[in-house]
Amino acid sequence: MGEFFHAVRVFFDQLAGVGWTALAIALAIHFARLLTRTVAWRNILAASYPDVRWRWVPVAKAYIGGVGINSIVPGRAGDAVKLYLVHREQPATTYTTLASTLVTETLLDLVLATAIFIWALTQGVLPSLHVLPSIPAFDWGWLFQNSKLTATVVVALTVGAIWFAQWAPKHIANFKQRVGQGFAILGDRGRYGREVVSWQLLSWVLRIASLYWFLRAFHVHASIHNALLAQVVDSLSTLLPFSPGGAGTKQGLLVFVLHGQASSAQLLAFSVGQYVAVTAFNVAIGAIAIFTSLGTLRLRKILGQAKAADPKSS
């Protein structure tokens, strides 16, 4: 995280030059993107539980509340909050099915993120494997620098996979129907295209548009090309959530990938400025969503209630 705190110092040095109008536009587009995601998730839930009346507002609060938690707590704890708030709204649902709806909600993201990543590879702008460990604050550096530890992790994952393969047939059968229910909308391609893909494609357009305006706000050359590269960095830095939002990783990667598009100071200011602005915004709207749903902002209590909800019991 040392590189991140260095970037923060650089950010405050560059603060006077921030384009506040462009920053406000970027955040407004970011908020619109989140709203499109809530519509898509609501439609997935409606397909999974056709006999349940799904109101958009509670679903939107659950989704945005989870986004706010994910912005400050690593390990995707916000996803548990999303499920808890939605289940609280509709107690007849099961956590197993609700969890699978979140998987359905990210399927297109995986496809599009992979496509953009492959595009970035063709541009030759991503660091090679032998360069990664030397990039400051790269969260995966220990995988390349500690071969014994890496081998141990690989063996442990392999053993775990073998154990899971033996355990799954005996236990998951009881959850097969519930899990499959969360993917129900995939069975109707027309409906999936209209009610999910269309909204998620719009969310990706808004995502790239918001990055474009963030680049403008911090005086980095703004173009669709650079916005796409910034999105690749964002995806890579949050792939393994060792820190909230991939803080630290993103700074090192952005300076490498966008080298030549602005000074190092401006790139660091962009990276930290975007992170701080989006995090603060997500936390603010997440807090509003959670408070209006639960009447409390006690984070430990909220996370405790979410984690205490046992998917197997409902």
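Looking at this structure, is ARG33 of a type in the set (Lys, Arg) and at pLDDT 95 or above? Yes.
Scanning the stretch 89-110 for residues that are of a type outside the set (A, V, I, L, M), touching a helix residue (DSSP H, G or I) at 6+ places or on another chain (Cβ under 8 Å) and more than 21 Å from LEU35 (Cβ to Cβ) returns THR93, THR94, TYR95, THR96, THR97, SER100. Being at pLDDT 95 or above, of a type in the set (Lys, Arg) and within 21 Å of GLY304 (Cβ to Cβ) holds for only one residue in LYS82, LYS61, and it is LYS61. The set of residues in the stretch 68-82 that are surrounded by fewer than 21 Cβ atoms within 10 Å (Cβ to Cβ) and touching a helix residue (DSSP H, G or I) at 6+ places or on another chain (Cβ under 8 Å) comprises SER71, ILE72, VAL73, PRO74, ARG76, ALA77, ASP79.
The values are calculated or read from the model by the stated rules, or taken from the named source; none is laboratory data. Quick caveat, the model's predicted, so the values are computed rather than measured. Ideal geometry is used to build each Cβ from the backbone, glycine not excepted, and the neighbour counts take in all protein chains shown.
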